[in-house]
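Participant: Below is the structure I would like to discuss, written out as structure tokens.
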Amino acid sequence: MSSINFMEKLLDGVEVEWKALGDVTSLRRGRVMSKEYLADNAGDYPVYSSQTANNGEIGSIDTFDFDGEYISWTTDGANAGTVFYRKGKFSVTNVCGLISINDEKKINYKFLFYWLTTQAQKHVYSGMGNPKLMSHQVEKIPTPIPCPENPKKSLEIQAEIVRILDAFTELTTELTTELTTELTTRKKQYNYYRDQLLSFEEGEVEWKT
């Protein structure tokens, strides 16, 4: 089952109002930060960029531009449309977009994050060989608001969906870690036995050409 089908299944039977993302959130971009700037201002606050490795973090500096809950997305390059949930004090570069919810009494950040992970890459434009997902494209993404006439119930539904998806995410992470560890162990065993089986003491073997 795809992520979008799973999200739709969780919302099955629930009244849903669809809004353009730009109607319920505010979007902005980060700022240019060179390698030299990162090195000269090293500190404890993470800086996120367009990469997806290491949770998108490319370094840390001694100040921060944002503090709180946000959703970031990669605007340019091969990873355009990749979405991250952010919380805390941090900064983002100019190849990251940042989403803040206008009314947190209506939308749960994690709920919106999970929704965008199923939608953002569908809106990536790949013209001229350089994939992009700009703010004017993101703000048009249709976004579901369950039980729009009952904000309390809406947030309860969103929170339950988040709980379920968080559990799946945690399980997937655990399984991936276990499989990676197992694979590493098996590779070490393979290398050890290969070296042992192909190790010949001089005089024990007659070599032919």
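The values are calculated or read from the model by the stated rules, or taken from the named source; none is laboratory data. Since the structure is predicted, the reported quantities are computational estimates derived from the model, not experimental observations. Methodologically, a virtual Cβ is constructed for each residue, glycine included, from the backbone with ideal geometry; neighbour enumeration extends over all protein chains shown.
Participant: All but one of (1) under 20 Å from Ser26 (Cβ atoms); (2) in contact with a Phe, Trp or Tyr (Cβ under 6 Å, 6 or more places away or on another chain); (3) aliphatic (A, V, I, L, M) hold for Leu116, so report the exception by its number.
Facilitator: Result: Leu116 passes all but (2).
Participant: Just one of Lys110, Lys105 is out of contact with any His (no Cβ under 8 Å at 6 or more places or on another chain), in a helix (DSSP H, G or I) and not aliphatic (A, V, I, L, M); which is it? Quick ask: steps written out before the conclusion?
Facilitator: Numbers: Lys105 fails: in a helix (DSSP H, G or I).
Of the residues listed, the single one that is out of contact with any His (no Cβ under 8 Å at 6 or more places or on another chain), in a helix (DSSP H, G or I) and not aliphatic (A, V, I, L, M) is Lys110.
Participant: Just a yes or no: is a residue in segment 104-122 surrounded by fewer than 18 Cβ atoms within 10 Å (Cβ to Cβ), out of contact with any Cys (no Cβ under 9 Å at 6 or more places or on another chain) and within 26 Å of Gly59 (Cα to Cα)?
Facilitator: Going residue by residue through segment 104-122, those that are surrounded by fewer than 18 Cβ atoms within 10 Å (Cβ to Cβ) are 104-106, 118, 121-122.
Keeping just the survivors that are out of contact with any Cys (no Cβ under 9 Å at 6 or more places or on another chain) gives 104-106, 118, 121-122.
Pick out the ones that are also within 26 Å of Gly59 (Cα to Cα) and you get 121.
Checked segment 104-122: at least one residue is surrounded by fewer than 18 Cβ atoms within 10 Å (Cβ to Cβ), out of contact with any Cys (no Cβ under 9 Å at 6 or more places or on another chain) and within 26 Å of Gly59 (Cα to Cα).
Participant: How about segment 120-159: which of its residues are in a loop (DSSP other than H, G, I, E, B), of a type outside the set (A, V, I, L, M, F, W, C) and over 30 Å from Ser50 (Cβ atoms)? Give the derivation first.
Facilitator: Step one: filter segment 120-159 for residues in a loop (DSSP other than H, G, I, E, B), giving 124, 126, 130-131, 133-134, 139-141, 147-150.
If we keep only those that are of a type outside the set (A, V, I, L, M, F, W, C) too, we end up with 126, 130-131, 139-140, 148-150.
Passing the criteria: Pro148, Glu149, Asn150.
Participant: Within segment 141-157, work out how many residues are within 23 Å of the chain's Cα centre (by Cα) and surrounded by 15 or more Cβ atoms within 10 Å (Cβ to Cβ). Reasoning before the result, please.
Facilitator: Just the residues of segment 141-157 that are within 23 Å of the chain's Cα centre (by Cα), to begin with: 141-145, 155, 157.
Then keep just the ones that are surrounded by 15 or more Cβ atoms within 10 Å (Cβ to Cβ); that gives 141, 143-145, 155, 157.
Looking only at that region, the number is 6.
Participant: Can you tell me which of (1) charged (D, E, K, R); (2) under 27 Å from Asp23 (Cβ atoms); (3) out of contact with any helix residue (DSSP H, G or I) (no Cβ under 6 Å at 6 or more places or on another chain) is the one Glu69 doesn't meet?
Facilitator: The failed condition is (3).
Participant: Select from segment 38-52 the residues that are in contact (Cβ under 8 Å) with a residue 24 or more places away in the chain, of a type outside the set (A, V, I, L, M) and either in contact with a Gly (Cβ under 9 Å, 6 or more places away or on another chain) or in a helix (DSSP H, G or I) (or both) and list them in ascending order. Walk me through how you get there before you give the answer.
Facilitator: Step one: of segment 38-52, the residues in contact (Cβ under 8 Å) with a residue 24 or more places away in the chain are 45-52.
Filter again for of a type outside the set (A, V, I, L, M), leaving 45-46, 48-52.
Scanning segment 38-52 gives Tyr45, Pro46, Tyr48, Ser49, Ser50, Gln51.
Participant: Here's a follow-up. Of all residues in segment 53-64, count the ones that are under 14 Å from Lys35 (Cα atoms), touching a residue at least 12 places away in the same chain (Cβ under 8 Å) and not polar (S, T, N, Q). Working first, answer last.
Facilitator: So in segment 53-64, the residues under 14 Å from Lys35 (Cα atoms) come out as 57-61.
Next cut, touching a residue at least 12 places away in the same chain (Cβ under 8 Å) only: 58-61.
Narrowing the set further to residues that are not polar (S, T, N, Q) leaves 58-59, 61.
Qualifying residue count for the region: 3.
Participant: Let me ask another. Give the residue that is nearest to the chain's Cα centre (by Cα), with candidates limited to residues of segment 164-194 that are over 24 Å from Asn55 (Cβ atoms) and among the polar types (S, T, N, Q).
Facilitator: Here is the first cut: in segment 164-194, the residues over 24 Å from Asn55 (Cβ atoms) are 185-194.
From what's left, among the polar types (S, T, N, Q): 185, 189, 191.
Details: Thr185: 28, Gln189: 34, Asn191: 35 Å.
Residue satisfying both the conditions and the ranking: Thr185.
Participant: Next question, about the same structure. Would you confirm whether any residue within segment 2-23 is outside any strand (DSSP E or B), over 24 Å from Gln121 (Cα atoms) and modelled with pLDDT of 95 or more? Don't jump to the end; show me each part of the working.
Facilitator: Applying the first criterion (outside any strand (DSSP E or B)) to segment 2-23 yields 2-15, 21-23.
Cutting the leftovers down to over 24 Å from Gln121 (Cα atoms) gives us 13-15.
Next cut, modelled with pLDDT of 95 or more only: none.
Scanning segment 2-23 turns up no residue that is outside any strand (DSSP E or B), over 24 Å from Gln121 (Cα atoms) and modelled with pLDDT of 95 or more.
Participant: Same structure, new question: Are any of the residues in segment 51-70 at pLDDT below 95, under 24 Å from Thr143 (Cα atoms), in contact with a strand residue (DSSP E or B) (Cβ under 8 Å, 6 or more places away or on another chain) and not β-branched (Val, Ile, Thr)?
Facilitator: Checked segment 51-70: no residue is at pLDDT below 95, under 24 Å from Thr143 (Cα atoms), in contact with a strand residue (DSSP E or B) (Cβ under 8 Å, 6 or more places away or on another chain) and not β-branched (Val, Ile, Thr).
Participant: Same structure, new question: With over 25 Å from Asn79 (Cβ atoms) and in contact (Cβ under 8 Å) with a residue 40 or more places away in the chain as the only criterion, which of Pro142, Pro148, Pro131 stands out?
Facilitator: Going through Pro142, Pro148, Pro131 in turn, just one is over 25 Å from Asn79 (Cβ atoms) and in contact (Cβ under 8 Å) with a residue 40 or more places away in the chain: Pro148.
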